[in-house]
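All remarks here apply to the structure that follows.
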Amino acid sequence: MEHDEPQLKDLWAESYDCWVGAPGADCEVLYMRPLLTADPSGPVFGLPPLVRECRIFNITAYNPLGKLHPPSYNASADSALEADLSALLVQSPVARSSWRSYGFSSDWRED
């Protein structure tokens, strides 16, 4: 499924991101979403200091190149990617940490 830029913007504006076990976070599970107004509803947690200290990348093996795959394929691909990234963390003096995350909205989820 291809999206044009306005569709992607709308999709992102309605989505959430979840970090599980991020080092230094105020809580074990941190949910984030784009702030659409100046007055957020609900509790606001501080982002972990790591956010200001490092570059952060969210990488997934789900549905490569936008092609939809079954959940079992996506889980297997994500496990292989996680193993590769874990090996890099051990080898790299620069890499600092990794944690689980996923993005979701009312009709999709991507780990």
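The values are calculated or read from the model by the stated rules, or taken from the named source; none is laboratory data. This structure is a prediction, so every number in the text was calculated from the model and none was measured. We place every Cβ from the backbone using ideal geometry, glycine too, and count neighbours over all the protein chains shown. For the accessible areas, the whole protein counts, side chains as well, though only heavy atoms, and no ligand, DNA or RNA atoms are used. Shrake-Rupley method; radii C 1.70, N 1.55, O 1.52, S 1.80 Å.
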Inset, instruction - Give me the pairs, please: first residue somewhere in region 19-45 and at positive phi and assigned to a loop (DSSP other than H, G, I, E, B), second residue anywhere and at pLDDT 80 or above and open to solvent by 80 Å² or more (accessible area, probe 1.4 Å), beta-carbon distance under 7 Å, and either six or more positions apart or on two chains. - result: 21/28; 21/100
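So, in region 76-111, of the ones that are part of a helix (DSSP H, G or I) and among the acidic types (Asp, Glu), which residue ends up least open to solvent (accessible area, probe 1.4 Å)? Walk me through how you get there before you give the answer.
Quick first cut of region 76-111, residues part of a helix (DSSP H, G or I) only: 76-91.
With the extra rule that they be among the acidic types (Asp, Glu), the set shrinks to 78, 82, 84.
On the way: 78: 28, 82: 90, 84: 99 Å².
So, considering only residues that are part of a helix (DSSP H, G or I) and among the acidic types (Asp, Glu), the one least open to solvent (accessible area, probe 1.4 Å) is 78.
For the subset of region 46-73 comprising residues that are assigned to a loop (DSSP other than H, G, I, E, B) and hydrophobic (A, V, I, L, M, F, W, C), which member is nearest to residue 20 (Cα to Cα)?
Filtering region 46-73 down to residues assigned to a loop (DSSP other than H, G, I, E, B) leaves 46-49, 54-63, 67-70.
This time we only want the ones that are hydrophobic (A, V, I, L, M, F, W, C), so: 47, 54, 56-57, 59, 61, 68.
On the way: 47: 13, 54: 18, 56: 14, 57: 15, 59: 14, 61: 18, 68: 25 Å.
Filtering region 46-73 for residues that are assigned to a loop (DSSP other than H, G, I, E, B) and hydrophobic (A, V, I, L, M, F, W, C), the one nearest to residue 20 (Cα to Cα) comes out as 47.
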Inset, instruction - Take residue 65 and decide whether it is modelled with pLDDT under 85 and exposed (fewer than 13 other Cβ atoms within 10 Å of the Cβ). - result: yes
